[in-house]
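The values are calculated or read from the model by the stated rules, or taken from the named source; none is laboratory data. Quick caveat: nothing in here was measured; it's all calculated off a predicted structure. Using ideal geometry, Cβ is built from the backbone for each residue, glycine included, and neighbour counts are taken over all protein chains shown. Keep in mind that these areas ignore ligands, DNA and RNA; they rest on the heavy atoms of the full protein, side chains included. Shrake-Rupley method; radii C 1.70, N 1.55, O 1.52, S 1.80 Å.
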Amino acid sequence: QLCYILIRNERIATAACRELSATMTSVAETVEEYCTQLRRRQIEGSMPCAKRTAEIMRLLVTNQKHADASSVIDDVRSVGHKLQAAKPVELAIGNIVRRVLHMIREEEQHDELSSSAMSFAVTKQDTQKQSGPSLLSQALRLPSSSARIFPFNRAVSLSNLLDVGIEELEELVEKVGGEAAVAEAFEAESHASTKKKQKSVPQWKNKQHIIEAINELIDELDNIQQSITVQGVEHIHANEVILTFGMSDTTYLFLKEASKKREFQVVVAEGAPKYDGHIMARKLSDAGIQTTLIADCAVFAMMARVNKVLVGAHAVLANGGVVGTVGMHMVALAAKKHSIPFVVLVGLHKLSPLFPHDPDLAFNDFKSPADVVDFDVVAEAFAQQGQHEEASGALGTAPSSNLATVSSLASASSIGASAASTTSASGAAGGVCKEGFMSAGGAASQATALGHPCGSVHVPNPMYDYVPPNLISLFVTDMGGYTPSYVYRLLAEFFDRNDYLLSKQLNMSS
């Protein structure tokens, strides 16, 4: 029977190890799949990335085995750093990871306080026990052992101590000491078995609280847009003229909700080079809102007739600055010049504890210059480059060193940085030259044997723009309205200082 029990326990342990290995593999595969989707830009937008990151964090905390809060923090931080590295420009990923870490640290602090209070209560109880009856009275007052000596169940005391024989008293003391030793040995064995069992199956007892907190975070993400849009009536008044820039789902829903109780006009800047302001104007018009579409260059001229500027944002930085659609800084400057309120609609999942000057911050991305330079121009540049090389070869001169190349832009580390690669070619006026420079007829950078100038024009196509906090009037978030100077209070509420830089924490832990 003992052998059967041992074999059964071994099989149970083997099955548990296999299940744990399969769980760890599934979590790793899910994380790697999500990283691949981020690198390939298959998931776009802050909200989808934030929701998916929260789900990954919940899966990690639920399925992995953790003995204490420190192991949970290490796993979450490691996976979070990997996710953020897959797409550095999407700051919402790191924001969600930091909020989960903040939840774990709060639960750890609560657990430490509870343990301290419990240990204090145990110490106090032990002190009271030690100050209780003396050892002699405990040894002499044993009704079960003295029943054989005293038929009338009288307890042994100093008044009847002489009535007890010396031999009976020694036997009584030996019996009491033997029972105490057996009880102490049993208690030690029980404590050892319990400790061994806890080592075999490590599990932090407060993990369920963390899972519930992550579920609440996911529910909060689902209701962010609704929490922002219901405030539209409070910020938009009758007969106002609102200016917005480009396309923003949050701004559109905000204006649509306010139009149910207010009559106002909206001026939409087209938002070149994506021109998604055309989509915004069409949606607002379909919603029954009087809409005017203007070019970006007309923003300053129209600002004198505007009462308020409403825009969305990609991220909010620790100093109160905003990362938004490219061209937003121009709109903010025009609003500041005309003393027009510049209001940013943003959910707190986009709040980042990083500053614009942080070396680990990469908040801009560069896309293909095809949005700026038409492909017909590129094709013409290639044709002119071929003709130029043929003419140079006929005269016996070496062809130009500016060979036609075509490549795509990669992400850059900061606003204003050069694109990693661009669509390029060299030739006469209207062409695109080496390293992303488009030729301009009069700008001669290299003279050829035929005397044709080869000028160059850089064609970057950044996605985002930075707006400093002094140009922003108000943030309308899912928790209410805040000024840029109040951002530091929000950082203290949602994040822990130890988690501001995930990569720094990883280096310290390793």
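Return the subset of K283/K367; K51/K260; K207/K350 for which the Cα-Cα distance in this structure is over 28 Å, preserving the input order. It would help to have the intermediate numbers written out before the result.
Details: K283/K367 26 Å; K51/K260 30 Å; K207/K350 26 Å.
K51/K260, as the Cα separations exceed 28 Å there.
Can you sort K82, K260, K207 by 1.4 Å-probe accessible area, starting with the largest?
In descending accessible area the options line up as K260, K82, K207.
Work out how much length R305 to H357 would gain on full extension: take 0.36 nm times their residue separation and subtract the Cα-Cα distance, in nm to one decimal.
The R305-H357 span can extend by a further 15.2 nm.
Using θ = phi - 60° and the Karplus form 6.51 cos²θ - 1.76 cosθ + 1.60, what ³J(HN,Hα) does each residue of the stretch 69-77 get, whole Hz, x for Gly and Pro?
For the stretch 69-77, the Karplus curve yields 5, 5, 5, 5, 4, 4, 5, 5, 5 Hz.
Y488 to A28: extension gain in nm, 0.36 nm per residue of separation minus the Cα-Cα distance? Don't jump to the answer; show the numbers that get you there.
Values: separation 460, 0.36 × 460 = 165.60 nm, distance 3.49 nm.
Separation in residues times 0.36 nm, less the Cα-Cα distance, equals 162.1 nm.
For the stretch 338-348, in order, what is each residue's ³J(HN,Hα) by Karplus, 6.51 cos²θ - 1.76 cosθ + 1.60 with θ = phi - 60°, in whole Hz (x at glycine and Pro)?
For the stretch 338-348, the Karplus curve yields 9, 6, 9, x, 10, 10, 10, 9, 8, x, 6 Hz.
In nanometres, what is the gap between the two model label sites at A272 and S116, each 7 Å from Cα along Cα-to-Cβ?
Distance between label points: 6.2 nm.
Evaluate the distance, in nm, between pseudo-label points positioned 7 Å from the Cα of A298 and of A67 along their respective Cα→Cβ axes.
Each label point lies 7 Å from its Cα, and together they span 6.9 nm.
Kindly state, to the nearest 0.05, the FRET efficiency for S503 paired with A238, given R0 = 35 Å and r defined as their beta-carbon distance.
The pair S503/A238 has a calculated efficiency of 0.10.
Cα gyration tensor of the stretch 248-389, axes a ≥ b ≥ c as square roots of the eigenvalues: rounded (a/c below 1.5), prolate (a/b > b/c) or oblate?
oblate
On a full-extension model of 0.36 nm per residue, what is the gain between Q42 and K82, subtracting their alpha-carbon distance, rounded to one decimal in nm?
The Q42-K82 span can extend by a further 12.7 nm.
Sticking with the crude label model, points 7 Å out along Cα→Cβ, report the distance from V372 to D249 in nm, one decimal please.
Taking the simple label geometry, V372 and D249 are separated by 2.9 nm.
For the stretch 25-92, count the residues as N, evaluate 2.2 N^0.38 Å, and divide the Cα radius of gyration by that value, please. Provide the component values of the computation, followed by the final result.
Values: Rg = 12.0 Å, N = 68, 2.2 N^0.38 = 10.9 Å.
Dividing the Cα radius of gyration by 2.2 N^0.38 Å gives 1.09.
For H458 and D222, what does the FRET efficiency come to when R0 = 56 Å and r is the distance between their Cβ atoms, rounded to the nearest 0.05? Write out the running numbers ahead of the final one.
Numbers: r = 43 Å, r/R0 = 0.76.
Approximately 0.85, to the nearest 0.05.
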